[in-house]
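Coordinate-derived values only; no laboratory data. As the structure is a prediction and not an experimental result, all values here were calculated from the model. Note: ideal-geometry Cβ built from the backbone for every residue, glycine included; neighbour counts use all protein chains shown.
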């Protein structure tokens, strides 16, 4: 499914995202596995709550980090995350 | 201790990462009698399982260091009556909790209680795709029960890994095993070729498949992936006897894995207690911090400093850390030797001899009766592998 600003991503049913102080990073946990997320991946993924669409996630990130032009990066990451099944999209 | 040595110790600790993966082997007791079980052959000599409180201490101390994936294994962990409270404590501490079970002992009441305790995932083992072979290989009547366990796991909304250990007697059924996994709606399938430790080492000639069998199974697995996409994620673990370079065992000694045995020994991998001349710490008397960062058992084979030739000058030493210490001990009789799976090892011929025998169907070594894992056999054999 093509990812647009209207897409609503949600962390996949079999995944859990949490902050790990020992790794100073967000990690994505799943059966017998773990992905350590870099800062931008962590910040995007923790906002994939099944309520916010991509446009809202971009707006939130741009406000929080006082940045602009993040839309293309967020869409590219959500595409990757969907391929990896880290998120379900509607 | 001087200030300087303290500073050095702190620096070293900082370089060693946390034990991200904690494997809690809750018991060696098991209703199954699998011929390839990785538990120590002399498991029946161990006594005094850790108490509930002692497991809480392990979970708490490991979590403080940064452990985050927690597996509950055995033996059969369902045999512990306190499994639910141990899982609940692990969940409360923030672990992702995995139960590795044969399915025996799983019923509606317990699977519901485990869900309530916060269990995240269940790995269910099958021995083969049919009742006859499953029950033959485990020396139990458990196939129908496992099918019911699979239904319960799905009904309670757990993600499910189906694990099937692969060897000479079931490798030709790989398509039926994949079909079974699909029928029970597994999210992940581990087709784990037997690794030759514990009881699998005892039964090695009877279990090692031929190259032709292995290539066929790998081809069928790849065809399944092409045909069905990644609805089920398939992992095909090749037997290292067919490789020329060793596996990066446990991702490096004392690197991310911490195993606690039923009787409280802390190990860098689940078979390391076989190694001679190395005292592994006990969680009753040492903290997990002391165990992970300071104990001889965890520091001996960390990194590359302990290596001998051909490893020490090998350009690939950082890729595989010299392979497996247990295999080096079992086959080259020296835990600090290169893993003989490596074709640079002077003992590599001891691997290829076994592989060569596996190409000849029905040879004398293969037709010896299988030895099933059980307490009586354990005491009779009275050896670590």
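Data for the structure
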{"item": "Percent of beta bridges antiparallel (DSSP, the protein assembly as shown, rounded to nearest 5)", "result": "35 percent"}
{"item": "Hydrodynamic radius of chain A per Kirkwood, over alpha carbon pairs, in Å", "result": "13.1 Å"}
{"item": "Anisotropy class of the range B:159-281 from Cα gyration tensor, a/c 1.5 cut", "result": "prolate"}
{"item": "Considering only chain B, percent of DSSP beta bridges that pair antiparallel, nearest 5", "result": "10 percent"}
{"item": "Cα-based shape type of chain B, given that a ≥ b ≥ c are square roots of the gyration tensor eigenvalues and the cut on a/c is 1.5", "result": "oblate"}
{"item": "Computed P(r) (all Cα pairs; the range B:309-385; 5 Å bins; percent)", "result": "3, 14, 17, 15, 17, 17, 9, 6, 2, 0"}
{"item": "Exposure proxy order (Cβ contacts within 10 Å, fewest to most) of B:286, B:67", "result": "B:286, B:67"}
{"item": "Separation of alpha-carbon centers, the range B:98-116 and the range B:32-68, rounded to whole Å", "result": "18 Å"}
{"item": "Fewest-first ranking of A:4, B:46, B:101, B:27, using other Cβ atoms within 10 Å as the exposure measure", "result": "A:4, B:46, B:27, B:101"}
{"item": "Exposure proxy ranking, count of Cβ atoms within 10 Å, fewest first, for B:373, B:216, B:300", "result": "B:216, B:300, B:373"}
{"item": "P(r), alpha carbons of the range B:121-215 - 10 Å bins starting at zero, rounded %", "result": "16, 48, 30, 7, 0"}
{"item": "Shape box of the protein assembly as shown [Cα atoms, principal axes, largest first, Å]", "result": "71, 64, 46"}
{"item": "Inter-part distance where the range B:211-260 and the range B:285-344 are each reduced to a Cα centre, Å", "result": "22 Å"}
{"item": "Distance in nm between pseudo-label sites at residue B:368 and residue B:141 (7 Å out along the Cβ direction from Cα)", "result": "3.2 nm"}
{"item": "Considering only the range B:165-289, percent of DSSP beta bridges that pair antiparallel, nearest 5", "result": "30 percent"}
{"item": "Chain A, helix-only ellipticity at 222 nm - DSSP H runs n ≥ 4, -39,500 (n - 2.57), divided by all residues, nearest 500", "result": "-10000 deg cm²/dmol"}
{"item": "Calculated FRET efficiency for the pair residue B:279/residue B:183, C-beta based, R₀ 41 Å, to 0.05", "result": "0.30"}
{"item": "Gyration tensor (alpha-carbon) shape descriptor, the range B:257-378, a/c threshold 1.5", "result": "oblate"}
